[in-house]
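**Q** Take this structure first; my questions come after.
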Amino acid sequence: MTSDAIGLVTWAGTSASALTLDSKITSVQTQFTTNLETVVFVHNSDSYVFNNSTATGGDSLVRLVGFSATGVDADSTALTCVHIG
């Protein structure tokens, strides 16, 4: 699993294509633990925005149906980037 400069999480290797949505969620929840850290990943034809919230004790996961994101950023104007802020 890797995350690029604008928060797009991807998985590589021979088993990456077989990962379930639950596996991907567990993976990002385990890796991204800083309060208010936000990343996005794609599963099938949908994107999922994950936000860690250690202050409130509850992380957030938002499904964007039919949208294939290329990242998450506060300053991006790219049409395929999820704008946060």
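The values are calculated or read from the model by the stated rules, or taken from the named source; none is laboratory data. Just so you know, these numbers come straight off a predicted model, no measurement behind them. Don't worry about glycine lacking a Cβ; one is built from the backbone with ideal geometry, like all the others, and counts go over all protein chains shown.
**Q** Which one of these is at pLDDT below 80 and either surrounded by 14 or more Cβ atoms within 10 Å (Cβ to Cβ) or of a type in the set (A, V, I, L, M) (or both): 8, 19, 64, 79?
**A** Going through 8, 19, 64, 79 in turn, just one is at pLDDT below 80 and either surrounded by 14 or more Cβ atoms within 10 Å (Cβ to Cβ) or of a type in the set (A, V, I, L, M) (or both): 79.
**Q** Being part of a loop (DSSP other than H, G, I, E, B), at negative phi and under 10 Å from the mean Cα position of the chain (by Cα): is that true of residue 12 here?
**A** Spelling it out, it is not the case that residue 12 is part of a loop (DSSP other than H, G, I, E, B), at negative phi and under 10 Å from the mean Cα position of the chain (by Cα).
**Q** Which of the residues spanning segment 15-58 are closer than 19 Å to residue 70 by Cβ, assigned to a loop (DSSP other than H, G, I, E, B) and under 11 Å from the mean Cα position of the chain (by Cα)?
**A** 32, 37
**Q** May I ask you to list pairs of residues, at least six apart or on different chains, whose Cβ atoms are under 9 Å apart, with the first in segment 7-23 being more than 16 Å from residue 40 (Cβ to Cβ) and the second being assigned to a strand (DSSP E or B)?
**A** 12/2; 16/10; 20/43
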